[in-house]
Every structure is written in C-alpha cells, then in structure tokens.
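To start, the structure under review is shown below, and the notes come after it.
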Amino acid sequence: MLKVENLYKTFAKNKPDEKNIFNGLNFCAKAGEFITIIGGNGAGKSTLMNIIAGQTLPDKGKVYIDGSDITYTPQHKRAKAIGRVFQDPLKGTAPALTVEENLAMAMLKNSPKNLKFAIGQKISDQMKQKLSCLNLGLQDRLKSKVGLLSGGQRQALTLLMATIAEPKVLLLDEPTSALDPKSQDNILELIEKISNNSTMITLMITHNMEHATRLGTRTIMIKSGKIQMDISGSHRKNMNPNF
Ligand SMILES: Nc1ncnc2c1ncn2[C@@H]1O[C@H](COP(=O)(O)OP(=O)(O)OP(=O)(O)O)[C@@H](O)[C@H]1O
Ligand SMILES: [Mg+2]
C-alpha cells in the first residue's frame, strides 16, 4: 500500500516566483494497482513522484509504503522499494557502461561494490533471459555500450532495470513521450506485461488520454494542488477531464 497524506508543497516560498503546488493532497494505492495520472503542465505530477521517491521533501504531509513512514527517508535508502522511469531515455541508464554492467547495477541496487564479482555465467544467463522478453534483440548485445542503443531500446532497458529488483512502487513519468509511435506501443506493452499479475504499485503520468484510459485500472487527475478526479474501471472511457 502506498499512502500520500495531506501533502503541502510550495516552491520559492515568500519569493516573487512563489509556486504553490500541493494544498492537502491525499492519495492511496493498493498493492497491484496500476494508476494513470493526468493533469495540465505544471500541475505537480512530477513533483508528486519526486516526493514519493525522496528527491523533493514536502512542506507538510506524509508518505507511507506498507505502513512505514518514508517521508524523510533518504532517497538512496528507499531506492530498493521504488523503481523510476523518466521521459528522457538518456536519464535511466549509464551510457558509457555496457548493457550487462547497467543491468548488474540495477540487480545489485544495494551493493554496487560487488559489481565485477556479480557478472558470472549464471547472472549473464539470467540477464539474457530477461532481455529476450523485451523482443528487441538486446540479449545479443550484453557487451554493447548503452550509449549506442536507440531511444526505444534504451527506454526498454531502463524499464527492465527499474523493475528487476522487484520494487514495491514503479514511477513512470511520461515514459513514452519521447519515442516514436512503434516504440511507444512496445514500451506500453512491456509496462503492461511487467505490471500484470504483480503486487507492484504502478503510477504512470501521461498527457495521452488514450494511454491514460487504456492502461491500468484507475485514473487520477491533479489540479489546484489536489486530486480532482479519481475514476476506476469502465467509467474511465467516458471521462472528460477539464485540466
Ligand atoms: N525544484 C523546483 N524548484 C522550483 N520550482 C519547481 C521545482 N520543481 C518544480 N517546480 C515548479 O513546480 C510546478 C510543478 O512542476 P511539475 O514538474 O511537478 O509539473 P508537472 O505536472 O509534472 O508538469 P508537466 O506536465 O509539464 O511535466 C512547475 O511550475 C515547476 O516549474
Ligand atoms: Mg512532469
């Protein structure tokens, strides 16, 4: 269970460019739920993910995962519980490292010192098997530098890296908006495959209403610092959000 309770956040408080983002936002997600998040530019969607991930601290309010208060837990200490994918395919991977080195880092999120030791034959086989599920031929490119991959390949690898350590929460911030339509569909399909039959909570921000209603089972809209709309199931098809 992910619970965000009575969240308040204002950037640049008492400055001319003060920006009030959250005014008592409440939100709860059950294990296994896949929720899409919509809202206008600047509504605070990414800020919500930053607060859940520990990158931004709220002014007031709490974040709980499975009942534990993680509001002030340092980012690196909650990293194992949270996987993230950003809009920019360049953000989730290390370009100068190979595919297998990137994957090993993700697998050993808590013990990067063992990186070299870790890439034995067994791990290599495990990686190949996981990569072949992406259907992009990456299982034959373990030794390729990630910087040489296409945006779509890189985003698929990021998704695999974000979920390989089986996090409790997966945060997807416009994960397909920098990709061409074919790569978008491929990544969306992978997201569905990974989240299906999993206890992981998936949150996906999107500006694409078709994606917002097709994926997951629930859609929330952030506006004026709160959740203004929270729709589940087949009702989502008829929603007409006013950003
Ligand atoms: N660290 C920060 N310092 C100051 N202002 C910030 C900071 N982070 C975000 N903001 C501002 O807070 C507002 C909300 O930003 P946020 O990125 O959460 O919006 P968003 O809903 O994700 O928008 P978009 O759809 O454009 O991605 C924006 O006006 C942004 O400029
Ligand atoms: Mg954003």
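What follows is calculated from the coordinates using simple rules that are stated; it is not laboratory data. Since we're looking at a predicted model, the values are computed, not measured. Please note: Cβ atoms are built from the backbone with ideal geometry, for glycine as well, and neighbour counts cover all protein chains shown.
Before moving on, here are some points about what is shown:
- Residue check, GLU33 of a type in the set (Asp, Glu) and either more than 16 Å from ligand 1 (Cβ to nearest atom) or surrounded by 19 or more Cβ atoms within 10 Å (Cβ to Cβ) (or both): yes
- Of the listed requirements (1) within 16 Å of ligand 1 (Cβ to nearest atom); (2) crowded, with 18+ Cβ neighbours inside 10 Å; (3) more than 12 Å from the chain's Cα centre (by Cα); (4) of a type in the set (A, V, I, L, M, F, W, C), LEU57 misses just one: (2).
- Selection within the stretch 153-190 - farther than 18 Å from GLY216 by Cβ, in contact (Cβ under 8 Å) with a residue 60 or more places away in the chain and surrounded by fewer than 21 Cβ atoms within 10 Å (Cβ to Cβ): ILE164, ALA165, ALA178
- Residue within the stretch 195-218 that is over 21 Å from ILE38 (Cα atoms), within 12 Å of the chain's Cα centre (by Cα) and of a type in the set (A, V, I, L, M, F, W, C) present: no
- Between THR219, THR213, the distinction of being within 21 Å of SER177 (Cβ to Cβ) and not in a strand (DSSP E or B) belongs to THR213 only.
- Any hit, the stretch 1-11, residues being assigned to a strand (DSSP E or B), surrounded by fewer than 19 Cβ atoms within 10 Å (Cβ to Cβ), in contact with a Cys (Cβ under 8 Å, 6 or more places away or on another chain) and not small (Gly, Ala, Ser): yes
- Pairs where the first residue, in the stretch 70-97, is within 16 Å of ligand 2 (Cβ to nearest atom) and the second is of a type outside the set (Gly, Ala, Ser) and assigned to a loop (DSSP other than H, G, I, E, B), C-beta under 8 Å, 6+ apart: VAL85/PRO175; PHE86/GLU174; PHE86/PRO175; GLN87/GLU174; GLN87/PRO175; PRO89/LEU179; GLY92/PHE86
- Listed conditions (1) closer than 22 Å to THR98 by Cβ; (2) assigned to a strand (DSSP E or B) are all met by GLN129, apart from (2).
- The residue that is nearest to the chain's Cα centre (by Cα), among those in the stretch 42-54 that are on the phi > 0 side of the Ramachandran plot and without any contact (Cβ under 8 Å) to a residue 40 or more places away in the chain, is GLY54.
- Test result for GLY39, within 13 Å of ligand 1 (Cβ to nearest atom), on the phi > 0 side of the Ramachandran plot and in contact with a helix residue (DSSP H, G or I) (Cβ under 7 Å, 6 or more places away or on another chain): yes
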